[in-house]
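In what follows, a single structure is set out as structure tokens and then discussed.
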Amino acid sequence: MKRKVLSVLLCGVLAVSMLAGCGSKSGDVVTNTDTEDAAENAAEDGSSATDTETAADSDMAYVVDKGTLVVGITDFEPMDYKDENGDWVGFDADMAKAFAESLGVDVEFVEIDWDNKVLELDGKSIDCVWNGMTLTDEVTSSMECTGAYLNNAQVVVVPKNVADKYQDTDSLADLSFAVEAGSAGEAEVSALGLNYTPVKAQSDALLEVASGTSDAAVIDSLMAAAMIGEGTSYADLTYTVALNSEKYGVGFRKGSDLAAVLDEFFVNAMADGSMQACAEQYGVQAALVQE
Amino acid sequence: MAILEVEHVSKTFDKTEVLKDISFSLEKGDVVSIIGSSGSGKTTFLRCLNFLEHPDTGVIRVNGETLFDAADPQTRQESEIRKKRLHFGLVFQSFNLFPQYTALGNVMLAKELLAKEQPDYKARKKEIHAEIEEEAKGLLTQMGLADRMNNYPHQLSGGQCQRVAIARALALKPDILCFDEPTSALDPELTGEVLKVIKELADQKTTMIIVTHEMAFARDVASQVIFMDDGRILEKGTPAEVFEHTKEERTRQFLSRFTQG
Amino acid sequence: MAQMPIVIGALNSGFLQTLRLFFITLIGAVPLGLLIAFGSMSKFRPLSMLSKFIVWIIRGTPLMIQLLIIFYFPGLVLHKQIWGGGETGRFLAASISFIINYACYFSEIYRGGIQSVPVGQEEAGLVLGMTKTQIFFKVKLMQMIKRIVPPMSNEIITLVKDTSLARIIALQEIIWAGQAFMKGSQGIAGEIWPLFFTAVYYLIFNGVLTVLLERLERKLDYFR
């Protein structure tokens, strides 16, 4: 029963995505620089492409129609986090605000359970996942993703006093790892055939190492920079080997036309320098994907 | 005129005929003891009189008014039956006092709820309450419980509980007071105080039907004795007739067990 | 510690959410449970079957799954997110899941309580000319309450802790608030202690509840 519902759902999403895809492409051709116009055109083209489908079948039109872009995030410095006034800021948060503005809609940030991100998208409780999300095969196959906008790496976290012993991949063989379930880190350790325990969050993985229940953890380098070392609860931890470099992207509902619109927005923001300025504000300018 | 007339009452539970064509009548002031072995239908008969069970056939009349007629569906409605129950009072073997009320509260509760149905209740609320309380205190004093009125049932002995239950039944001034083995759940040394109270009621010419295993008491207090066996009234008469000039062999067998034991 | 006021502030607002969920669940589930209890004791078979079926489903599946289904299913299947994605929507969905779940547990406790009142109590009321309604409210209810207070106390204490399950649909209750500082929030990152500190909130609140419920139990001790 559930499978049937899902497959019907999937067909619907696919159909919409094909239509929406056509629409946004033709929209891009018409107006290359103004994304807001592109959006409107996309919606119009979407509806005119077939007589039976309505404008609401375009994800873009859906968002514009309800007037709010709901952005699914987790509290993740420096990408999305709360400032002292309790407002969401960060490199991703600020870019999301700018993107919403370009669409002419309000932006709403909602904290989600990272495990449920696809569920949240498909269940329409959020419109995109914009939270330093690593573009893995799993992510790109279950969401409509933008191109990469930020570089990241998965790094191995170990206690400082043993860090010397673990400076290359080969030295990791007999360690027990804690990794966030479904994260890029998990993909890495399982590809290397290492011994690991999946935990709920990257922060839980750190807790495992700190409490000694696991020997090492694998987390994002951006996060590692913010969370471990002097001045944190994890003063005794450090990171050593970078297992793989990877890239961050923004995810939308499968088949959404918004991914292409956002790609366009990123290109423009890079061109006018606003993206670099925003990245500098949060210290991630070195990681920006240059194209 | 008879205060109670019962005609051709029968009752079947799941194909077992518990009461078979019971007929009898009762005069005002009569005290009837019903004796018989367990399962002879005595308790079911009392429950039918109080409409806790509905007879399958038969008629029950009180003071000439037909309270129940199995052939007349109108008399079987729950709303009709409620008021008719008040002609009868029932004292249970296991007391069934309301544990969350004091002795006094147990005696007053039903009367107070009934009083609320009176049209002038709102205007005379305080007055009515005082009357009910006065009566209830009088009844408990009569039962020898003047100093126990504010105790809860769990603070009272079995005999005291049963006397509260009798006062509770009397508070509604029933025409006929029924007792379902009132001393069977009591320790032997406590039965006396309950039987004494019932005896006093008999002396005051209270109309009563008493199902009991206390043969000596039945003989002493009753004006009429009924022996029931297998759902039938087998023998009926004055205590002297039933106990000394027993007609039926079955009755003799039953009585001999009691005199021996 | 400079972090203390920030952390405590965040935990307080998380705990406020926990308390809101707790009280709304109680307010909704206590009467709804009674309805379900009456439903399952009904002589009208379809109603009693339906009530028992619902109770079976709800008690037979984890609350966590019920939360996921109630929050995500409308959007997934009906293509219409009825709750809205914001915090209000999540709180509403969590409240409804908790109310239904706890009403089913309460209904079983009520049913046990009602059925444990001896049949003689009802008969005594009937022969005294009382109506069924009067018998329920004046005679049976108090005895039933006395019997259900201890098992209800257990469920209520469990409910306090169960509210933490709502974080599966990202309701930001106290444990969520405590965990946020592990990943980094409001300038504090990599702090473990706030998560463990949430236990203090649960302990204190449950302590207060236990005292209140015991006092209620003692108040009902005047009869047996």
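The values are calculated or read from the model by the stated rules, or taken from the named source; none is laboratory data. This one's a predicted model, so the numbers in the text were calculated from it and none came from an experiment. Cβ atoms come from the backbone with ideal geometry, glycine included; neighbour counts cover every protein chain shown. The accessibility values were calculated without ligands, DNA or RNA, using every heavy atom of the protein model including side chains. Shrake-Rupley method; radii C 1.70, N 1.55, O 1.52, S 1.80 Å.
Residues in the range B:13-24 that are under 28 Å from B:K205 (Cβ atoms) and either at pLDDT below 90 or surrounded by 22 or more Cβ atoms within 10 Å (Cβ to Cβ) (or both): B:I22, B:F24.
Listed conditions (1) within 13 Å of chain C (Cβ to nearest Cβ); (2) in contact with a strand residue (DSSP E or B) (Cβ under 9 Å, 6 or more places away or on another chain); (3) more than 18 Å from B:Q142 (Cα to Cα) are all met by B:H154, apart from (2).
Looking at this structure, is C:A103 touching a Ser or Thr at 6+ places or on another chain (Cβ under 6 Å) and either among the acidic types (D, E) or farther than 27 Å from A:C128 by Cα (or both)?
no
Checking the conditions here, which among A:D257, A:D204 is within 13 Å of chain C (Cβ to nearest Cβ) and open to solvent by less than 30 Å² (accessible area, probe 1.4 Å)? Answer to the check: A:D204.
Exactly one residue out of A:Q167, A:Q154 is open to solvent by less than 20 Å² (accessible area, probe 1.4 Å), closer than 28 Å to A:L243 by Cβ and either within 18 Å of the chain's Cα centre (by Cα) or modelled with pLDDT under 90 (or both), and it is A:Q154.
For the range C:1-8, does any single residue satisfy the condition of being touching a residue at least 60 places away in the same chain (Cβ under 8 Å), among the small types (G, A, S) and open to solvent by 30 Å² or more (accessible area, probe 1.4 Å)? Looking through the range C:1-8, none of the residues is touching a residue at least 60 places away in the same chain (Cβ under 8 Å), among the small types (G, A, S) and open to solvent by 30 Å² or more (accessible area, probe 1.4 Å). Taken together, the residues in the range C:132-165 that are at the interface with another protein chain (Cβ under 7 Å from one of its Cβ atoms) and surrounded by fewer than 16 Cβ atoms within 10 Å (Cβ to Cβ) amount to 0.
Being closer than 28 Å to B:E5 by Cβ and acidic (D, E): is that true of B:D175 here? Answer is yes for this residue. Just one of (1) in contact (Cβ under 8 Å) with a residue 40 or more places away in the chain; (2) within 12 Å of chain C (Cβ to nearest Cβ); (3) within 23 Å of C:E122 (Cβ to Cβ) fails for B:Q162. It is (2).
Of all residues in the range B:164-195, those that are hydrophobic (A, V, I, L, M, F, W, C), open to solvent by 10 Å² or more (accessible area, probe 1.4 Å), closer than 16 Å to B:G89 by Cα and not in a loop (DSSP other than H, G, I, E, B) total 1.
Here A:A93 fits the description: within 14 Å of chain C (Cβ to nearest Cβ) and either within 21 Å of A:V289 (Cα to Cα) or more than 13 Å from the chain's Cα centre (by Cα) (or both). At least 1 residues being more than 14 Å from chain C (Cβ to nearest Cβ), in contact (Cβ under 8 Å) with a residue 60 or more places away in the chain and touching a helix residue (DSSP H, G or I) at 6+ places or on another chain (Cβ under 6 Å) is the threshold, and among the strands (runs of 3 or more DSSP E) wholly inside the range B:13-69 those reaching it are B:16-26, B:31-35. Selection of the range A:104-123 for residues being acidic (D, E), facing chain C (nearest Cβ under 7 Å) and more than 14 Å from the chain's Cα centre (by Cα) yields A:E108, A:D122. Just checking, does the range B:221-241 include any residue being open to solvent by 20 Å² or more (accessible area, probe 1.4 Å), free of Cβ contacts under 8 Å to residues at least 40 places away in the same chain and within 30 Å of B:L140 (Cβ to Cβ)? Looking through the range B:221-241, none of the residues is open to solvent by 20 Å² or more (accessible area, probe 1.4 Å), free of Cβ contacts under 8 Å to residues at least 40 places away in the same chain and within 30 Å of B:L140 (Cβ to Cβ). Of the helices (runs of 4 or more DSSP H) lying entirely inside the range A:48-149, those containing at least 3 residues that are surrounded by fewer than 22 Cβ atoms within 10 Å (Cβ to Cβ) and without any contact (Cβ under 8 Å) to a residue 60 or more places away in the chain span A:59-66, A:91-103, A:137-142. B:C161 fails exactly one of the following numbered conditions: (1) assigned to a helix (DSSP H, G or I); (2) under 14 Å from the mean Cα position of the chain (by Cα). What is the number of that condition? Failed condition: (2). Of all residue pairs spaced 6 or more apart or on separate chains, those with beta-carbon atoms under 6 Å, a first member in the range C:199-224 that is free of Cβ contacts under 8 Å to residues at least 24 places away in the same chain and a second member that is open to solvent by 30 Å² or more (accessible area, probe 1.4 Å) are C:R224/B:H154. Of all the criteria given as (1) closer than 18 Å to A:L119 by Cα; (2) surrounded by 16 or more Cβ atoms within 10 Å (Cβ to Cβ); (3) out of contact with any Leu (no Cβ under 7 Å at 6 or more places or on another chain), the one not satisfied by C:S51 is (1). Please tell me if A:S221 is of a type in the set (S, T, N, Q), touching a helix residue (DSSP H, G or I) at 6+ places or on another chain (Cβ under 8 Å) and in contact (Cβ under 8 Å) with a residue 12 or more places away in the chain. Spelling it out, it is not the case that A:S221 is of a type in the set (S, T, N, Q), touching a helix residue (DSSP H, G or I) at 6+ places or on another chain (Cβ under 8 Å) and in contact (Cβ under 8 Å) with a residue 12 or more places away in the chain. The condition (being outside any helix (DSSP H, G or I) and surrounded by fewer than 15 Cβ atoms within 10 Å (Cβ to Cβ)) is satisfied by just one residue among B:Q118, B:Q100: B:Q118. Within the option set B:L195, B:L177, B:L140, being within 14 Å of chain C (Cβ to nearest Cβ) and at pLDDT 90 or above holds for one residue only, B:L177. If you go through the range C:166-224 and keep only what is surrounded by fewer than 18 Cβ atoms within 10 Å (Cβ to Cβ), among the charged types (D, E, K, R) and within 9 Å of another protein chain (Cβ to nearest Cβ), you end up with just C:R224.
Selection of the range C:59-104 for residues being within 11 Å of chain A (Cβ to nearest Cβ), hydroxyl-bearing (S, T, Y) and buried (at least 20 other Cβ atoms within 10 Å of the Cβ) yields only C:Y72. The residue of the range B:74-92 that is least open to solvent (accessible area, probe 1.4 Å), among those that are more than 9 Å from chain C (Cβ to nearest Cβ) and part of a loop (DSSP other than H, G, I, E, B), is B:H87. Taken as a whole, the range B:35-51 holds no residue that is open to solvent by 50 Å² or more (accessible area, probe 1.4 Å) and touching a Leu at 6+ places or on another chain (Cβ under 7 Å). Return yes or no: is C:V139 in contact with a strand residue (DSSP E or B) (Cβ under 6 Å, 6 or more places away or on another chain) and more than 30 Å from A:C128 (Cβ to Cβ)? No; evaluated as a whole, the condition is false for this residue. Yes or no: the range A:226-237 includes at least one residue that is farther than 16 Å from C:I192 by Cα and either in a strand (DSSP E or B) or more than 11 Å from chain C (Cβ to nearest Cβ) (or both). So far as the range A:226-237 goes, no, none of its residues is farther than 16 Å from C:I192 by Cα and either in a strand (DSSP E or B) or more than 11 Å from chain C (Cβ to nearest Cβ) (or both).
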